[in-house]
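Note sheet for the following structure.
The values are calculated or read from the model by the stated rules, or taken from the named source; none is laboratory data. Predicted, not measured: the structure shown is a model, and the values here were computed from it. Quick reminder, even Gly has a Cβ in these numbers, built from the backbone with ideal geometry, and neighbours come from all protein chains shown.
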Amino acid sequence: MNNPYEILGVSPNATDEEIKTAYRNLAKKYHPDNYTDSPLADVAEEKMKEINEAYDAICDMRKNGSHSSTSSSSYGSSSSYTHTSYPDVRQYIHEGRLDDAMEILNGVAQESRNAEWYFLMGMVFSRKGWNDQAYTYFQRAYQMEPDNYEFRSAVNNMNSRRTYSNMGYDTGNMGCSACDICTGLMCADCCCNCMGGRSIFCC
Amino acid sequence: MFGYVNVDKSNLLGKDFDTYRAIYCSLCKQLGRDYSIFARFFLNYDCTFYAVLMLSLSDKTCDFCTGRCRFNPLKKCDYISDDTVSLSLAAALTISSAYYKLLDNILDSPWYKRIFYRLLQPMLSSWHKISLKKFPTIDNELNKMTISQKGTEEDKNCNIDKAAEPTAAMLSAVFSLVDEKIDSSILKKNKNSKRILSSFGYFLGKWIYLIDAADDYFNDKKHHNFNPYITLDVEEKELKNYVLSSLNHTLSEAMLSYNLLEKGRYDAIISNALFSALPKKQNLVLSKFDKPDKQK
């Protein structure tokens, strides 16, 4: 394994608190939940694993065993599922064989398409990068079974990304324009004139 | 379809902006060196972003020197002093995309504009031959994009994702070329870097296509041209929100992909473009939807 300090982006002299903060920031950034429907889900998972291992290694090195056992479980993937009608499709999606998954899903008759079918179809589209289609399918799955945690979190996840209002900076408010400065100067000049002084000498 | 991916100057550090400027000028100079002095007119921000990405990841550090601009001799500007593959690649992308855009314009434009484009054609096609020889992959990808774009526009059940696919796939291939052409220890360290670059390019290309479609929406509607947002089954007053959501969604995917990449030398510039300049651009383009009457 590479240098665990390098992976967390901290110096070997960093305090425990600094390491914890660095780990938390990275874990937030690469958390598998952010990437569940992304084409790079497996890459993010690997990255997260690497970060967990690095953190555990540092904790072990510092003989602070209490962290090592909790960390990997607290920031693990939440993609486990209990019962499914399409185990093979889920397996294909996991392996990245999207065309095969799509083929099986398309083979399902119209009347036997349940909420999970729409969810998985959305997943295939999402992994392919067709996020607009994916959103439609996820919404359909959620409408059919609003109580299902998996479908609800998929829709919520996408909703939060589609209403990403804090991404940029506010472009509306400018500090002050050339006009503002001129008006300000003119006002100042009027005031000065009243008091007998002059701020602009030509008028 | 050009000029959407720039930087947000007010939120960029002075030194980073100077570097960005220098790369912009270097790409301009490279166009002059590889093609012709007139090729410099086709310089654009999107290809500069591509150059910044490559120079950021490359092992070779850039040496900057100060020189004078040939178009504006009174102004001094910084250049990268040595010839690099990154700049050549970005220059090839500039020329090839300009060439295919021209071919497309010749087919689509009214006759008086067509005369102008026809005059440009011999010049661009001679440069295009050079770029084809240098980097055949870039040229092939752009060619493929032009052909499949025509196909999707004629498709009856076309949706946003389908319409954006050709541009997205093109940029995806062009970005994954970085992994092959650039010597980079950052990329070599990670076995997934090609996939990450490819996905980053995919979503960025898709975003460029979508923002261009949003920008042209009222114009296309007036002239009955193809636009993926016109075919949508969404009410007029809901449309702005829908367009914004689809852009946000695509951009956030591009950000997620970029986050997985190891940070390069010019991460500040790329992050500024992704996290600040592009959302700003979205707001700017979408402000058109608030006052549609003016556009008509």
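For the range B:152-220, please list each of the helices (runs of 4 or more DSSP H) lying entirely inside it that holds at least 1 residues being modelled with pLDDT under 95, under 19 Å from B:G264 (Cβ atoms) and acidic (D, E). First the steps, then the outcome.
Numbers: elements: B:160-181, B:185-189, B:193-215.
Output list reads B:160-181.
Among the numbered conditions (1) among the small types (G, A, S); (2) modelled with pLDDT of 55 or more; (3) within 18 Å of the chain's Cα centre (by Cα), tell me where A:G168 comes up short.
Here A:G168 clears every test but (2).
Considering only residues that are touching a helix residue (DSSP H, G or I) at 6+ places or on another chain (Cβ under 7 Å) and more than 28 Å from B:S86 (Cα to Cα), look in the range B:114-136 and name the one that is surrounded by the most Cβ atoms within 10 Å (Cβ to Cβ).
Taking the candidates together, the pick is B:Y117.
B:P279 - would you say it is within 14 Å of chain A (Cβ to nearest Cβ), at pLDDT 85 or above and assigned to a loop (DSSP other than H, G, I, E, B)? Don't jump to the end; show me each part of the working.
Working: within 14 Å of chain A (Cβ to nearest Cβ): yes; at pLDDT 85 or above: yes; assigned to a loop (DSSP other than H, G, I, E, B): no.
It is false that B:P279 is within 14 Å of chain A (Cβ to nearest Cβ), at pLDDT 85 or above and assigned to a loop (DSSP other than H, G, I, E, B).
Could you grab me the full set of residues in the range B:2-36 that are without any contact (Cβ under 8 Å) to a residue 40 or more places away in the chain and closer than 13 Å to B:F49 by Cβ?
B:Y24
Could you please find all residues in the range B:63-84 being of a type outside the set (S, T, N, Q), in contact with a Lys or Arg (Cβ under 8 Å, 6 or more places away or on another chain), crowded, with 17+ Cβ neighbours inside 10 Å and within 30 Å of B:K189 (Cα to Cα)?
Across the range B:63-84, the qualifying residue is only B:Y79.
For every residue, the table says whether it meets (1) within 10 Å of another protein chain (Cβ to nearest Cβ); (2) surrounded by 24 or more Cβ atoms within 10 Å (Cβ to Cβ); (3) in contact (Cβ under 8 Å) with a residue 40 or more places away in the chain; (4) not hydrophobic (A, V, I, L, M, F, W, C).
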residue: B:I186; (1), (2), (3), (4): no, no, yes, no
residue: B:K194; (1), (2), (3), (4): no, no, no, yes
residue: B:W207; (1), (2), (3), (4): no, yes, yes, no
residue: B:N219; (1), (2), (3), (4): no, no, yes, yes
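Being at pLDDT below 85 and more than 8 Å from chain B (Cβ to nearest Cβ) is the requirement here; does A:D147 meet it? Give the derivation first.
Values: at pLDDT below 85: no; more than 8 Å from chain B (Cβ to nearest Cβ): yes.
It is false that A:D147 is at pLDDT below 85 and more than 8 Å from chain B (Cβ to nearest Cβ).
Residue by residue through the range B:227-276, note down the ones that are within 30 Å of B:K191 (Cβ to Cβ), in contact with an Asp or Glu (Cβ under 8 Å, 6 or more places away or on another chain) and within 11 Å of another protein chain (Cβ to nearest Cβ). Walk me through it before giving the result.
Of the residues in the range B:227-276, the ones within 30 Å of B:K191 (Cβ to Cβ) are B:249-275.
Then keep just the ones that are in contact with an Asp or Glu (Cβ under 8 Å, 6 or more places away or on another chain); that gives B:249, B:266, B:268-269, B:272-273.
Listed by number, the residues that qualify are B:H249, B:N272.
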